Each structure stands twice: as structure tokens, then as C-alpha cells.
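Right, one structure below, let's go through it.
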Amino acid sequence: MRVGVVTFPGSLDDRDAQRAVRLAGGEPVALWHGDEDLRRVDAVVLPGGFSYGDYLRCGAIARFAPVMRTVIERAAQGLPVLGICNGFQILCESHLLPGALTRNAHLHFRNRDQRLRVENVSTAWTSGLQRDAEIVVPVKNGEGCFVAAPDVLDRLEGEGRVVVRYADGNPNGSVRDIAGICNANGNVVGLMPHPEHAVETLTGPSTDGLGFFTSLLTATVS
Amino acid sequence: MPRVVVDVMLKPEILDPQGTAILGALPRLGFDEVTAVRQGKHFELEVTEPVDEGRLRQLADILLANSVIEEFTLRVLP
């Protein structure tokens, strides 16, 4: 299975995401922000980092990169897309996901191992996880405070579209402790914490993050 | 060349931690009379004539401001 990882100017975690895909048994495919061609991939990861230096708003300029034209079009047709951190910000700016990520309420950059509760296991990226399981993956952001209008939040909760929630303290002030959400079809998932940094015990606090990538491979094969 | 000014502010219901931090510094400087600070963005565009305000509003709406959290005002300078 071919999983594309987009590199924007300022992406940081593209290599880690490629590595996570490889460890999960997939074939990582490097995609370039300036290229509309998705190179026959079966899924796309928008990695963490600071695309375009976070100028204007995080993800606001990356959203208009040529590669995003195709990603937005294919996501509407069901292509699995995972946005991590800056990738989540890009998905919100693209309106593939509702809401927005704003400056952390306490203004500090927060970098720590974070406990999350998994609340939706029917998405393309979480089908292999246990519902209500608690997992630990790193979180590292300065603008990870998720906000949305109250009616949007109620709809997300009502439709079970909160995928992961902060479980032991909210690192950035996100409303209702929301760490990650999905679209109505469950093929597009965005989250601020970094599952790609928790795929090996040597470098991560756990291997809990691997489940996001193996979910995709298992779900697509079966 | 005509200049167009776009001011972008967070919607009133969105928390503005930067404005709050600025407000927190003011009593130390002796400016006790300030009771609230909201921080925004100010854009100055140079535009060829004739100025199509509707088109520029579209630009502000899709790029300069994120309508989920922000609102903007646009004015063409004389």
C-alpha cells in the first residue's frame, strides 16, 4: 500500500511520518507541495512542522499549495487523509475539517508526552485501536487550541466525530479537551498530537502511535 | 496606485491570549486605565486601477481572514 507524505516548505515531521508508514508495513511515497500529482498513492499524510513559517495563520498558505488541490478533491471521493499537528491546521484551513487551531491559551509552546482517550474507532486511521483505550503520544505545539462554534461542537460530539480527547490535562486550552476530529465519512482525520513519534520504544514514550498507521493498512486490505 | 487596507480581528467570542498578555503588562507600565486589549492584523495592499472591491473582499475572505475565527473590515484609501 502506497502512503504519500507531503513535504511543504517548513515541514519537519515528514521523515518521521514516512518511517511510521514503513514500520506499519506500508510503502511511504514522498509528495511535493508544488506538484499536483499524488503518484498513485492510496492515502496521504500531511505531517507536522511550520509550513510557510506559519505566516499569516498556521496552514493558511499551505492550503493553496498545488498538491492540496488534488488532496482536497480526492478526500471528497474518500481518499484517507491524516493531518498531524500542522497537517491538522492545514485540514481546518482547507475546510476538510471544521473549526480552527489557535494560539495556546497559556501562550506557551507545549512539548510533552500526552495521554489521549480514543473515542472513535471507525475512521480509516483508528479502526485498529480500542474504543476508550488510553494511549500516550507526544504533543508539541504552540497553536493547538481547537476552537469551533458551539453548534459545530455539538454536531461533532453528536456524530461521534471527536476521535481523540486529551485525558490527563489539556495542553493547550482546546475546547472540550478535543485533540483530534474526523470528517463525516471518517476518511479525513486531524489531530494535534504526534502518533508518528510514538512508533518505536527507542525514540518514543510508547508504540501507541503505530496503531494509526496499521489501522489504515488493515482496513484497506480487508 | 490605490491602496486598500484590510483589518482582521478575532471574533469577540474567540479567546485572544496575546491581547490578554499585553493587558497583563500594562499595569507594570502604569497604564491602569486600559481595561481590555484585542490584537489583530493590518494589511495594506497596493492594487491596480480600477479597484474591484468585491473581488478584494473575496481575497480577504479566502486568505487574509479565517471566517471560522476572524472577521475583517476592508476600505479603499482615497
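All of the numbers you see were taken from the coordinates with simple rules; none came from a lab. Since this is a predicted model, take the numbers as computed values, not measurements. With ideal geometry, Cβ positions are generated from the backbone for all residues, glycine too; neighbour counts draw on all protein chains shown.
Considering only C-alpha atoms, what is the centroid distance from region A:7-67 to region A:79-125, in Å? What the calculation gives is 15 Å, centre to centre.
Computed from Cα atoms, the angle from the helix B:17-29 axis to the main principal axis of chain B rounds to 50 degrees. When Rg and the Kirkwood Rh are both derived from Cα coordinates, the Rg/Rh ratio for chain B amounts to 1.11.
Extending 7 Å from the Cα toward the beta-carbon at both residue A:27 and residue A:107 defines two label points whose distance is 5.0 nm.
What chymotrypsin sites (Phe, Trp or Tyr not before Pro) in chain B are in a loop by DSSP, with at most 14 other Cβ atoms within 10 Å of the Cβ? Intermediate results must be reported in sequence, preceding the final value.
Details: sites: B:31, B:43, B:72; in loops: B:31.
In loop regions of chain B (DSSP not H, G, I, E or B), the sparsely surrounded chymotrypsin sites (Phe, Trp or Tyr not before Pro) are B:31.
The calculated FRET efficiency for the pair residue B:33 and residue B:7, based on their C-beta separation and a Förster distance of 30 Å, comes to about 0.80. A simple spin-label model places the labels of residue B:73 and residue A:37 5.0 nm from each other, with each point 7 Å out along Cα-to-Cβ.
What is the order of A:152, A:147, B:34, fewest Cβ neighbours within 10 Å to most?
Numbers: A:152 15, A:147 23, B:34 11.
In increasing order of surrounding Cβ atoms, one gets B:34, A:152, A:147.
Kindly list the residues of region A:186-222 that lie in the label zone of residue A:159, defined by a backbone N under 19 Å from the point 7 Å along the Cα-to-C-beta vector. Zone members listed by number: A:186-192.
Each residue of region A:207-215 was assigned a 3J(HN,Hα) from its phi angle through the Karplus expression (A = 6.51, B = -1.76, C = 1.60, θ = phi - 60°), giving 10, 4, x, 4, x, 5, 7, 6, 3 Hz with x at Gly and Pro. Label sites at residue B:57 and residue A:132, each approximated as a point 7 angstrom past Cα along Cα to Cβ, lie 5.1 nm apart.
Among the GluC sites (Glu not before Pro) in region A:17-120, those located in a DSSP loop and surrounded by at most 16 other Cβ atoms within 10 Å of their own Cβ are A:36.
Only one residue of B:18, B:6, A:182 has its Cα farthest out toward the positive end of the dipole of the protein assembly as shown, where Lys and Arg carry +1 and Asp and Glu -1 on Cβ, and that residue is A:182. Taking the number of Cβ atoms within 10 Å of each Cβ as an exposure proxy, the fewest-first ranking of A:16, A:113 is A:113, A:16.
Using θ = phi - 60° in the Karplus curve 6.51 cos²θ - 1.76 cosθ + 1.60, the 3J(HN,Hα) couplings for region A:12-18 round to 10, 9, 5, 5, 4, 5, 4 Hz; x is entered for Gly and Pro.
Can you tell me the FRET efficiency between residue B:22 and residue A:15 if r is taken as the Cβ-Cβ distance and R0 is 35 Å, rounded to the nearest 0.05? Intermediate results must be reported in sequence, preceding the final value.
Details: r = 38 Å, r/R0 = 1.08.
E(calc), rounded to 0.05, equals 0.40.
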